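> Below you'll find the structure I mean.
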Amino acid sequence: MSDAILSGRGLAKAYLSGDRRIEVLRGVDLEILPGESVSIRGESGSGKSTLLNLLSGLDTADSGELAWAGAPAHGDARARFLGMVFQSFYLIPEIDAFANVLMAARMLGAPGAVERARAKDLLARVGLAERATHLPSQLSGGERQRVAVARALLNSPRLLLADEPTGNLDEHTGDAVIELLLSLCRETGTALALVTHNVAHAKKTSRQLFLHEGKLSHG
Amino acid sequence: MPWYLYLALKQLFPTGRRFPFFTAISVLGVALGVAVLIISSSVMGGFGHKIREMTVDTQGDVQVRGDGLIADPAALQVQLMKIPGVVATTPFAEGPVAVIYQLKPQFPGLQGIDPNRIGNVIPLNRYITGGSLAALDDDSIILGSQLAIALGARLGDKVEVYSPLAFEKLRMSKGDEVFLPRELRVVGYFEFGHQALDGSVALVPLRAMQDLYGLGRAVHGINIKITHGLDADVMAERINAALPSPQHLRARSWIEINQDFLFVLQFERNMMFFLLMFIVVVAAFSVTSSLLIAVVRKTREIGLLGALGAKPRQVAACFCFQGFFIGVAGTLVGLGLGFGVLGVRDNIIEIFARITQSKAALLRFYQFSHLPSYTEPSYLVATIIGTIGISTLAGLLPAWRAAKLKPVEALRSE
Ligand SMILES: Nc1ncnc2c1ncn2[C@@H]1O[C@H](COP(=O)(O)OP(=O)(O)O)[C@@H](O)[C@H]1O
Ligand SMILES: [Mg+2]
């Protein structure tokens with residue numbers, strides 16, 4: 001038993017498309033250590049999102065084993081164990097930035113003063129202290145993604161999974177979001193798995209992986 | 001507050017939106033249905049109440065009749081008065097007659113009453129619109145208002161009354177005897193506001209009726225007033241139990257006597273209620289379609305909620321609660337609207353009558369210048385429960401759609 005925060009062994013996933021079987025993942029082995037940052041690159045359609053969905057437990061593998069902090073992954077533990085950031089920001093349009101961040105805590109029970117203070121603090125750390133009462137529609141793309149980052153970190157997860165978080169942002173804004181993600185994870189000791197197309201972004205992580213033909217290799 | 005209730009409320013009342021359009025329209029739709037239900041069932045209830053009141057006012061609470069004639073009404077009355085709950089009794093005799101005035105015949109039912117005692121059982125005085133009940137003696141008659149108009153007879157005029165007995169006498173005498181009808185002076189009119197009564201009933205003293213029909217001292221039945229608040233059906237049972245059986249007497253409550261008519265009244269109301277409930281159903285359908293659209297539009301956010309740890313049934317509760325909330329709010333607003341309109345109904349009628357210049361006609365056909373209203377608790381409860389139930393059901397289909405979404409697929413959808 002290693003001290004990995006996440007460990008996947010022989011993860012395989014195939015989709016049936018009509019009568020064709022597409023084997024997207026053919027036995028992926030992956031270990032992420034606490035606080036470490038890992039990047040995963042790969043061509044479009046190579047299965048990066050599929051892999052992250054397996055790692056987050058949102059989707060189930062056809063075969064293979066997945067453990068979170070040494071214990072078999074279980075859906076009920078997800079909200080406390082890991083946070084997620086996606087290419088699209090998925091903010092709830094009816095509530096303001098602060099309430100969107102707090103939503104992560106709300107799912108685990110009524111948020112108290114501690115959670116509120118933390119949400120406020122996180123918003124300040126992503127540089128949006130002044131925008132707390134703004135609705136998602138009043139924020140720019142980069143600002144929305146920063147709200148999503150704050151939301152993903154609210155429950156103090158051990159691991160952050162980011163699936164092309166800069167895919168919908170311009171280069172400059174994207175660079176800033178990546179810097180923010182990396183520094184926040186470093187500060188809070190959160191491990192990070194970052195799926196990206198951008199080589200420069202990938203180089204900033206401590207370990208670079210490459211997904212090709214259903215297998216994960218060192219890039 | 002659980003997150004799904006919080007989110008449901010936020011979707012109904014988004015932060016920073018001064019006027020929540022979807023919610024307002026949905027609530028208003030349901031509220032209109034509730035208001036129409038309350039107004040119509042209350043007004044119909046008011047009419048029903050009036051009709052029931054009038055029925056009791058003309059028949060008494062309980063009526064005792066025999067197989068044939070009641071030979072000794074006085075003895076029976078004494079017996080009836082001993083039954084607890086019986087307040088007053090009055091005998092009557094009845095039968096069709098021909099009334100002729102200036103060669104115009106009418107064939108009303110003639111009621112023989114006891115002018116001195118009837119007031120104890122039936123508030124007849126309240127319905128006398130001309131002349132007086134006190135003036136009714138053996139040579140006089142009180143006509144229903146419509147009957148008087150049909151005859152063209154006015155107060156003080158003399159009408160001729162033939163009973164079926166007259167034909168019998170004519171036949172027996174083989175035409176060699178001159179038969180004279182009874183001449184009665186019109187001393188009053190009554191008006192119950194009911195065509196069947198006002199157009200075809202006339203009143204004479206019991207003795208005159210007994211004469212006309214050759215009854216001697218016998219009567220056809222006895223009307224009974226019971227203690228206010230007692231159940232008429234229960235009292236009828238009690239009276240039946242106390243009556244001597246060999247006389248073949250039977251007491252029936254006004255409810256039993258008029259059960260066909262009362263059934264029709266009730267049936268009409270229920271049918272109306274049922275049909276108007278469809279306004280709420282239609283409103284609920286629009287809530288369903290709005291919520292379904294919301295589910296489709298929010299597919300990816302619902303996926304995200306799943307990623308944050310939402311369970312399918314919580315997602316379902318979020319949408320179901322929106323239907324429930326619209327139902328509750330719509331019911332409250334609708335009750336306010338409905339009772340508000342009922343509160344000013346006379347003004348509305350007044351304005352309506354002024355615009356259409358139909359005030360006289362309204363007065364003539366409905367006899368009252370103000371609209372009756374009575375909200376029966378059972379209809380009120382049915383409206384509230386029905387509306388909230390239907391609205392909650394309206395949220396069920398969208399809720400089910402939302403709960404069925406798999407987070408991975410919802411997040412993939414573009
Ligand atoms: N639900 C699905 N049904 C069928 N095919 C799928 C499904 N999800 C993903 N795929 C296929 O799996 C492959 C990998 O998809 P994905 O993981 O999204 O790639 P990436 O994120 O690397 O671009 C693609 O070919 C995609 O078409
Ligand atoms: Mg992808």
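Any read-out appearing in this document is the output of simple, stated calculations on the displayed coordinates, not a laboratory observation. Predicted model, so just to flag it, every value in this text is computed and none were measured. With ideal geometry, Cβ positions are generated from the backbone for all residues, glycine too; neighbour counts draw on all protein chains shown.
> Arrange the following residues from fewest to most other Cβ atoms within 10 Å of their Cβ: A:GLU164, A:GLU43, B:GLU301.
Sorted ascending by nearby Cβ count, the order is A:GLU43, B:GLU301, A:GLU164.
> Continuing with the same structure: Going by C-beta contacts inside 10 Å, put A:ARG125, B:ARG154, A:ARG144 in order with the fewest on the left.
Final ranking by Cβ density, sparse to dense: B:ARG154, A:ARG125, A:ARG144.
> Over all directions, the average projected area of the alpha-carbon convex hull for the stretch A:6-218 comes to how many nm²?
12.0
> A further question follows. Can you give me the distance in nm between label points at B:LYS158 and A:ARG26, each placed 7 Å from the Cα along the Cα-to-Cβ direction?
Going by the 7 Å Cα→Cβ label model, 12.5 nm.
> Could you line up B:VAL64, A:VAL199 from fewest to most neighbouring Cβ atoms inside 10 Å?
Ranked by crowding around the Cβ, least crowded first: A:VAL199, B:VAL64.
> For the stretch B:40-108, which trypsin sites (Lys or Arg not before Pro) are in a loop by DSSP, counting at most 16 other Cβ atoms within 10 Å?
Sites meeting the loop and neighbour criteria: B:LYS82.
> What nm value, rounded to one decimal, do you get for the distance between B:VAL87 and B:LEU292 when each label is placed 7 Å out toward the C-beta?
It works out to 5.9 nm between the two label points.
> Which semi-axes, in whole Å and largest first, does the equivalent ellipsoid of the protein assembly as shown have when worked out from the alpha carbon gyration tensor as the square roots of 5 times its eigenvalues?
Working through the eigenvalues yields semi-axes of 90, 24, 19 Å.
> Okay, moving on. Set the Förster radius R0 to 56 Å, insert the Cβ-Cβ distance between A:THR60 and B:VAL264 as r into 1/(1 + (r/R0)^6), and round the FRET efficiency to 0.05.
After rounding to 0.05, the efficiency reads 0.30.
> Distance cut-off 30 Å, Cα to Cα: go down the list B:LYS169/B:LYS225; A:LYS215/B:LYS406; A:LYS48/B:LYS406; B:LYS10/B:LYS311 and report the pairs above it.
B:LYS169/B:LYS225
> State the Cα centre-to-centre distance between the stretch B:310-353 and the stretch A:31-51 in whole Å.
The distance from the Cα centre of the stretch B:310-353 to that of the stretch A:31-51 comes to 53 Å.
> Using only atoms on other chains, find how many Cβ atoms lie within 10 Å of each Cβ of peptide A:57-66 and report the average.
Mean shielding by partner chains, rounded to a whole number: 2.
> Let me ask something else about it. Using a Gaussian network model of chain B whose springs link C-alpha atoms within less than 10 Å, name the residue from B:THR23, B:THR356, B:THR383 with the highest mean-square fluctuation.
Result for chain B, Cα springs under 10 Å: B:THR356 fluctuates most.
> Counting only DSSP beta bridges with both residues in the protein assembly as shown, what percent are antiparallel, rounded to the nearest 5?
Taking every DSSP beta bridge with both residues in the protein assembly as shown, the antiparallel ones total about 65 percent.
> Helix-derived [θ] at 222 nm for chain B: sum -39500 (n - 2.57) over DSSP H runs of at least 4, divide by residue count, nearest 500?
Mean residue ellipticity, 222 nm, calculated: -18500 deg cm²/dmol.
> A follow-up question, please. I'd like the distance separating the alpha-carbon centroids of the stretch B:82-146 and the stretch A:5-26, in whole Å.
97
> Does anyone have the angle between helix B:345-356 and the longest principal axis of chain B? Alpha-carbon axes, 0 to 90°, nearest 10?
Roughly 80 degrees, rounded to the nearest 10.
> Count charges around A:ALA119 for me, please; just the other residues with Cβ under 12 Å from its Cβ, Lys/Arg as +1, Asp/Glu as -1.
Net charge in that neighbourhood comes out at +3.
> Still on this structure: GNM, chain A, Cα, under 10 Å: largest mean-square fluctuation among A:PRO93, A:PRO157, A:PRO34?
With Cα springs under 10 Å in chain A, the top fluctuation among A:PRO93, A:PRO157, A:PRO34 is at A:PRO93.
> In addition: Obtain the nm distance between the two label points defined at B:PHE19 and B:LYS104 by a simple spin-label model: each point lies 7 Å from its Cα along the Cα-to-C-beta direction.
Modelled inter-label distance: 6.2 nm.
> Using only Cα atoms, locate the centre of the stretch B:212-254 and the centre of the stretch A:77-113, then give the distance between them in Å, rounded to an integer.
When both Cα centres are located, 77 Å separates them.
> With springs connecting C-alpha atoms under 10 Å apart, model chain B as a Gaussian network and identify which of B:PHE263, B:PHE167, B:PHE321 has the largest mean-square fluctuation.
Its mean-square fluctuation being the largest, the pick is B:PHE167.
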